[in-house]
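Trainee: Pasting in a structure now, in structure tokens, and then I'll have a few things to ask.
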Amino acid sequence: MTVPVLVLAAVSLTLFPISLAVAGLLDRLSGPLRAAMLAVWPLPGALALASVDGQPPDWLVAVAMLSALFHAWRGLGAEDARDWLSLVALSAWPLLWAGARPPGMAVAEALALGLPLAAASLVADGIERRFGAAHARLDLRLAREAPWLAGLFVSAVLAATAMPVSPSFFAMLSLVTGQAGGSALTPLALLGVWFLWSWSGARLVHGLVPGAPRRVMGGQDLPSRPARTGAGAYAALAGAGLLIWGLLL
Amino acid sequence: MQIVLPLIIALPVLSALATVALGNGRRLRVSRISAAFLTLTWLLASLQLWRAIAGTAPTGPVPLFGWTAFQSDPLGALMSWVIAGIALIVHLYSRRYMAEERGYTRFFVLMNLMTAALLAMVAANDLILLVVAWHLIGVFLYLLLGLDLTSREAHGYAIWTLVTFRLGDLPMVLAAALLFNSYGTWSLSDILAALTADPAGAQVLGLPLPTVVGLLIALSAFARSAQVVTHLWLPYTMDGPTPVSALMHAGIVNAGGFLINRFAPVFVHAEAALHLMFIVGLVTAVIGSVLMLTQHDIKKSLGYSTMGQMGFMIMECGVGAFSLAIYHLIAHGVFKGTLFLGAGGVIGAARRDDGVPAEDLYTFVVERQITRPRRPWLAMATLTVIVPAAILFVTHYVVEQSYFDKQGAIVLLFFGWMTGAQLIFATHHMRAENPVRLFVLILFSFAVVVLGYAFIAHVFDMFLYPDPAFRAAIYKAAGIKLVYFDFFVVLLTVIFVLGWIFAYYSERRRLIGRDRTAALRRLFYRAAARELYVGDVMSGASRVLVGGARRVNALLGGR
């Protein structure tokens, strides 16, 4: 495995501290551009690692797992949906360092991890446009103020945290399966990251969604048609998850 | 007829879709659609169970378009029937109970999906399908517990549940991955057949595969069945709608017992996992029962009661009584579901009449009646120790004489003895018009319950595990060296007898105002009322983790 491949992978699959620079880049982007970056950023690294012979050194895999755990843990403290999504992405991408796989499978896993994040980013954008920010301290009470957006946001968080039948669920299952025969530490790191995503995602939903209705706000929900389109998109994502099931497992 | 099994799982999913598509938000129509589909589901599940009992149902995998597979077997048929039945009752109950609640359609959609996930879990022959269903149950429960979107508190407890369930989901993922890596298939029946044929074949990190997988499956079952340390979600999730509580206590929390039974062939070769189950189940049963008795909040008390029962269920698995655990989870499900669904009526009745019996002083001073003398303590204590032991021994001897050859069965008899003694002893404290008649009735009821329990447990054994060699193998795996077992039996007996003597002297000394153990008991009561500080430790750990993450985020420039 050559140095250029490793450098490309370190940037694309965000090893710490390079991940901090990538976080800065993600922070500057918004809208479809940010969503696109969340979907495709890990592809070059995953493809590069899969295309060459041999596996990355163990110490690099260990750094990758620690990077993932570090950012997943940071997610617990995130109160802004944008920040949280960045942290989930920065903890998901390094997981692709684990194990050798054919290029097609590597691309499928990277996309399966990235697509739910991209979709969630678009939903978070929708909240920001209507309320100024998607921040837990704003006490948005989305469930009452914007029920459609709230429903989409909950779906987005569940999909991003690799709940079934999101594509990321099957990607995580595939990653754990690929690692289960070897050292115990890598699968445990994978499971640890998965657990922290769920916890931090539920905390974010708790900050943004429930709460008693207010009279001063309201009328800022998505119109019915785009909302139904969004729901359809999530149904399609679930369908993609089932396809990924067949492809990866 | 292979279509019946997939249909049982598909119908609740179709019901969820039809509820949204055809209900148009009209409450009556929504509930009618849902109830109709669930009735059909239950009828099909009944047919499936009937065929399994009659022996006409084909046993083995039922492939679904070559993509996944279900398992047609007695365990799945029985559990499907129980789940469909409880779900139907909860649906029918909810039609009127939820009528004035917000999110009526959402509630029925989620209940349908939850039912489908539970049915898929018990019917899965594909490990991936099992893992997916296992995860989905946690997700749907999280959404159902947070149904009231105005209550941040309810949502907070829903998070607790989700996080605990995730903690239990992940060992199962690892177990599935290890099994796939070792046997190259996701088919549960193929894996279990291969493992039974060559149990010592595969190793993980130098340990036998069945031991590692057994421990991982046990961990998953512990989190789902509220075993000690992972139990806090259960007593704190009473803010959800009552029908959800009923389904949760009757059908979801029991899933741990089912999972252990599904992987029974693994546990035949995983003695360590069985011993761990026994210890964790025992500790959970004791702690759950103690906390149940010391809570001031009736709902929390019910939650801890379920925790205690789940402890017994896991303990039964730990001693090798797998089919008994299934019977226990069904009996507990029916009993606890009834309790929750009847809660509204009980509250209404309590508002009319509190039902608290008059105190002796009240009876004597206000009603001018002489209070009836109670039976003497020591005689009652002796009677309560001997009578239940005799009943238990005779009934089990009548039902199955080989029962006494199994170590696990003898351990369970001790708990039956203790429960019976406690029950009969409680009559000593009860005030009745005719105490002797009450005592005889309770004694008779106990005998009937024990006989029924022993007989039904025997029938379950024959139905779920018809191969006597397999049953013997599970009991053997759960056994320990005879010398340790004898020591354990003597220890239990000594604890039991000393406990009675302690109770006797404490009561007498308390009556004459010389109770030296009062300070110790107060200390214990304070700790139990505070739920043994488990919640405080968990909350503290959570605060440290979240606070640390916030500080690091602030340093690195987060919002």
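Trainee: Compute the Rg to Rh ratio over the range B:1-125 from the alpha carbon atoms, using the Kirkwood formula for Rh, and round to two decimal places.
Mentor: Details: Rg = 14.9 Å, Rh = 14.6 Å.
Ratio of gyration radius to Kirkwood radius for the range B:1-125: 1.02.
Trainee: Now a separate question. Using Cα pairs under 8 angstrom and six or more residues apart, how large is the relative contact order of chain A, in percent? Can you show the working numbers first?
Mentor: Working: 391 pairs, mean separation 58.1, N = 249.
The value is 23 percent.
Trainee: What ranking do B:217, A:18 get, fewest neighbouring Cβ atoms within 10 angstrom at the top?
Mentor: Numbers: B:217 26, A:18 16.
Fewest to most other Cβ atoms nearby, the residues stand as A:18, B:217.
Trainee: If the viscosity is 0.692 mPa s and the temperature 37 °C, what Stokes-Einstein diffusion coefficient in µm²/s follows for the range A:28-136 when Rh is the Kirkwood radius over Cα pairs?
Mentor: Numbers: Rh = 14.6 Å.
The Stokes-Einstein estimate is 224 µm²/s.
Trainee: To continue, here is another question. Got a sec? How would B:533, B:183 order by Cβ neighbour count within 10 Å, fewest to most?
Mentor: Working: B:533 10, B:183 19.
Starting with the residue having the fewest Cβ neighbours, the order is B:533, B:183.
Trainee: Kindly give Rg over Rh for the range B:155-356, based on alpha-carbon atoms, with the Kirkwood expression for the hydrodynamic radius. Let's see the in-between values first.
Mentor: Numbers: Rg = 18.5 Å, Rh = 17.7 Å.
With Rg and the Kirkwood Rh in hand, the quotient comes to 1.05.
Trainee: Sorted from largest to smallest, which semi-axis lengths in Å does the alpha carbon gyration tensor of the range B:104-251 give for its equivalent ellipsoid, taking the root of 5 times each eigenvalue? All intermediate terms of the calculation are to be shown ahead of the outcome.
Mentor: Working: eigenvalues 219, 54, 22 Å².
After diagonalising the Cα gyration tensor, the semi-axes are 33, 16, 10 Å.
Trainee: Helix A:147-160 versus the longest principal axis of chain A: what angle, 0 to 90°, nearest 10, using Cα atoms?
Mentor: 10
Trainee: Return the lysines within reach of residue B:300: Cα separation strictly under 16 angstrom, same-chain partners fewer than 8 residues apart disregarded; answer none if there are no such residues.
Mentor: In chain and number order, the partners are B:336.
Trainee: Next up: Grab the eigenvalues of the alpha-carbon gyration tensor for the range B:517-559, scale each by 5, take roots, and send me the semi-axes largest first in whole angstrom. Before the final figure, lay out the partial values.
Mentor: Values: eigenvalues 302, 9, 5 Å².
They are 39, 7, 5 Å, listed largest first.
Trainee: Projected area of chain A, taken from the Cα convex hull and averaged over every viewing direction, in nm²? Provide the component values of the computation, followed by the final result.
Mentor: Details: hull surface 49.6 nm².
For chain A, averaging the hull's shadow over all directions gives 12.4 nm².
Trainee: Still on this structure: Neighbour counts of other C-beta atoms within 10 Å: give me B:336, B:300 arranged from fewest to most. Intermediate values should be presented prior to the final figure.
Mentor: Values: B:336 22, B:300 18.
Ordered from fewest to most neighbouring Cβ atoms within 10 Å, B:336, B:300 come out as B:300, B:336.
Trainee: Separate question: So what does the Cα-only Debye profile of the protein assembly as shown read at q = 0.06, 0.07, 0.10 Å⁻¹, as log10 I(q)/I(0), no solvent term?
Mentor: Relative scattering, expressed as log10 I(q)/I(0), comes to -0.42, -0.56, -1.11.
Trainee: In addition: Full extension from residue B:17 to residue B:343: what is 0.36 nm times the residue separation minus their Cα-Cα distance, to one decimal in nm?
Mentor: Values: separation 326, 0.36 × 326 = 117.36 nm, distance 3.09 nm.
Full extension from residue B:17 to residue B:343 adds 114.3 nm.
Trainee: Would you mind checking which residues have amide H under 5 Å from residue B:126's amide H? H placed 1.01 Å from N; only 5 or more apart, or other chain.
Mentor: For residue B:126, the qualifying residues are B:69, B:188.
Trainee: Okay, moving on. Counting helices only, and only those DSSP H runs with n ≥ 4, report the 222 nm mean residue ellipticity of chain B as the sum of -39,500 (n - 2.57) divided by its residues, in deg cm²/dmol to the nearest 500.
Mentor: On the way: 23 runs with 419 residues, N = 559.
My calculation for chain B gives -25500 deg cm²/dmol from helical runs alone.
Trainee: Then there is this: Going Cα to Cα from residue B:476, which lysines come in below 28 Å? Please leave out same-chain ones fewer than 8 positions away.
Mentor: Partners found: B:406.
Trainee: 7 Å from Cα along Cα→Cβ at both residue B:493 and residue A:137: what's the point-to-point distance in nm?
Mentor: That separation, rounded to one decimal, is 6.8 nm.
Values in this text are rule-based calculations from the coordinates and carry no lab data. Everything quoted here is computed from the prediction, not taken from an experiment. Ideal geometry is used to build each Cβ from the backbone, glycine not excepted, and the neighbour counts take in all protein chains shown.
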